[in-house]
Amino acid sequence: MSDIYDLVVIGGGPGGYVAAIRAAQLGQKVACVDKRSTLGGTCLNVGCIPSKALLQSSHHLEAAKHEMAVHGVKTGRVSADLDTMMKRKDEVVEGLTQGIAFLFKKNKVDHLVGSGTITASDTVEVTSEEGTTTTLTTENILIATGSEAASLPGITIDEKHVVSSTGALALAAVPKKMVVIGAGVIGLELGSVWRRLGAQVTVVEYLDAILPGMDGEIRKRSKMILAKQGLTFLLGTKVTGAAVMNNNSVMLSVESVSDGKKEILPADVVLVAVGRRPFTENLGLEQVGVQMDEKGFITVDGHFQTSVPGIYAIGDVIGGMMLAHKAEEEGVCVAETLAGQSGHVNYKTIPGVVYTHPEIASVGRSEESLKEAGIPYNVGKFPFGANARARAIGESDGFVKILAHKETDQILGAHLIGPNAGDLLAEIVLAMESDISAEDIARTCHSHPSLGEAVKEAALAVDKRAIHM
Ligand code: FAD
Ligand code: NAI
């Protein structure tokens, strides 16, 4: 492979592989380098996809145990078969990663397995696991090397007793007691998986509420619902250390943030889910002069170009929302910009979904941030309890909340907790992207009976004219 490339992408996650495909579609000669043998990055291999596969399987178990009887479905004795669940998860991952390899072939993207190091602004050296190196010459380089799990001082992740999300996606047995550090997205999703499978799960969170950054009402309601399901929350509590004992149990030392009261929490498995940090190891950034901020995120300009002309960066490694679809949008933007088009990412309309049951979904500004910024707004809220479809399927917990500008009716944010909230959010994201008003959603015909009617009613409620409430 001695040809000169238009673009060499380092990292085959959602940011990198999407950028590679889009650039190839636009006629560029592209190579994508990833040290993993399978494409798809964190998201497909050890993130979004395996977690959603386990969430689905464990939800089926919970439904069979506790939810089907009211529908008149008798299930008898129900138990989990963890091996089958894990095997299914692995098969879903394998199928999807192979799908990306197929898309690379289809779009004529060269795929190199190995660790990429930038040795000059037009050169990437790829070192395979066996130690052989290939040198790629290229017009442009795109860094999409993603992130890795962060840890805490005094805590060593061994992926056996003290695990990151990667270990928590592959436990060989259901732990009796699991302590999750961090009530963020990973903590709640994977905490839910293991609770449903039978673990006693305690979530320790430094702050005094779960899901930082989300709308306050959603944070409160989701905590109530998840606690009712059996998650125990220890809020306002910081972790100070962990010791793995001879009998393989972990003693986690925690301390109350307000009064310093200390406590030891015994656990079979501790999941550390306190955020992720940029991954830039061995990339050669210092040598070529690519600048990073104090937290190690690569800094970029409005076109995702780094401090070195011709070297671009996207996705988790540049910070912001650490989400697969955000990385994808940025990848498309770089590919289109390099092809002479005008790429653009609208950060105001990037949705976020927590795949607990019920799902929690949000886009745009929270009520708290509008208050803080002094932006006048109206709230339209509609409970799923008043939605016919939600009642019929027996999932009526939660609500849709739309925040619209008081004068212009422009939608500024939306926050949902309830059945299929993640999919319902898409309509509102499209409305925001198209800059249509809450009234436009309210005047759009929604099929009956559908969960989407709750979105329409919330839009009507912005103008205090919901029909079914
Ligand atoms: P990554 O997906 O991290 O990919 C980077 C790739 O670069 C990796 O494959 C790595 O091997 C490779 N690499 C790194 N350095 C080098 C090098 N020097 N040479 C060659 N290759 C290199 N987001 C969502 O939107 N929805 C979800 O439901 C969701 N669930 C998640 C669940 C979990 C448990 C986790 C951990 C994350 C989840 N995320 C989710 C976040 C999502 O996975 C990331 O935001 C996304 O993968 C970032 O994409 P990326 O392309 O920037 O980087
Ligand atoms: P997070 O940032 O969502 O949550 C981390 C939590 O840990 C916060 O609540 C924080 O206050 C808490 N914390 C930090 N230090 C602590 C300490 N010392 N003691 C106790 N609590 C502490 O990070 P998380 O859950 O690790 O997820 C990482 C990233 O992965 C997120 O940015 C998220 O966007 C992404 N992700 C997205 C998913 C989705 O979109 N469904 C699913 C899973 C992950």
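For this structure, a couple of remarks:
- Exactly one residue out of 227, 243 is out of contact with any Asp or Glu (no Cβ under 9 Å at 6 or more places or on another chain), outside any strand (DSSP E or B) and either under 22 Å from residue 161 (Cα atoms) or not aromatic (Phe, Trp, Tyr) (or both): that is 227.
- Every residue from the range 73-111 that is open to solvent by less than 70 Å² (accessible area, probe 1.4 Å) and charged (D, E, K, R): 89, 110
- Top-ranked residue in the range 1-22 [being open to solvent by 10 Å² or more (accessible area, probe 1.4 Å) and part of a helix (DSSP H, G or I); ranked as nearest to ligand 2 (Cβ to nearest atom)]: 14
- Residue list for the range 307-355, filter: open to solvent by 20 Å² or more (accessible area, probe 1.4 Å) and on the phi > 0 side of the Ramachandran plot: 320, 340
- Answer from 55, 103, 44 - the residue that is closer than 23 Å to residue 333 by Cα, part of a helix (DSSP H, G or I) and within 16 Å of ligand 2 (Cβ to nearest atom): 44
- Scope the range 23-38; condition buried (at least 24 other Cβ atoms within 10 Å of the Cβ) and more than 17 Å from residue 317 (Cα to Cα); matching residues: 23, 30, 31
- Qualifying positions in the range 140-179 - within 19 Å of residue 44 (Cα to Cα) and of a type in the set (Ser, Thr, Tyr): 145, 147, 164, 165, 166
- Qualifying position, being at pLDDT 95 or above, hydrophobic (A, V, I, L, M, F, W, C) and either touching a helix residue (DSSP H, G or I) at 6+ places or on another chain (Cβ under 9 Å) or within 16 Å of ligand 2 (Cβ to nearest atom) (or both), among 109, 126: 109
- Test result for residue 426, assigned to a helix (DSSP H, G or I), buried (at least 20 other Cβ atoms within 10 Å of the Cβ) and of a type outside the set (S, T, N, Q): no
- Answer residue from the range 199-220, given it is near ligand 2 (Cβ under 10 Å from one of its atoms) and among the small types (Gly, Ala, Ser) and is surrounded by the fewest Cβ atoms within 10 Å (Cβ to Cβ) among those: 213
- Flag if residue 77 is without any contact (Cβ under 8 Å) to a residue 40 or more places away in the chain, in a loop (DSSP other than H, G, I, E, B) and of a type outside the set (A, V, I, L, M): yes
- For residue 272, the test of being surrounded by fewer than 19 Cβ atoms within 10 Å (Cβ to Cβ), modelled with pLDDT of 95 or more, within 21 Å of residue 209 (Cβ to Cβ) and β-branched (Val, Ile, Thr) is failed.
- Qualifying residues in the range 27-51 (those that are farther than 28 Å from residue 355 by Cβ and of a type in the set (Val, Ile, Thr)) - the one farthest from ligand 1 (Cβ to nearest atom): 30
- Some residue of the range 323-345 being under 15 Å from the mean Cα position of the chain (by Cα) and not assigned by TED's automatic domain parsing to the domain that holds residue 281: no
- Test result for residue 363, touching a residue at least 12 places away in the same chain (Cβ under 8 Å) and open to solvent by 40 Å² or more (accessible area, probe 1.4 Å): no
The values are calculated or read from the model by the stated rules, or taken from the named source; none is laboratory data. Quantities reported herein were computed from a predicted structural model and do not represent experimental measurements. All Cβ positions, even for glycine, are placed from backbone atoms using ideal geometry, and neighbour counts span all protein chains on display. For the accessible areas, the whole protein counts, side chains as well, though only heavy atoms, and no ligand, DNA or RNA atoms are used. Shrake-Rupley method; radii C 1.70, N 1.55, O 1.52, S 1.80 Å.
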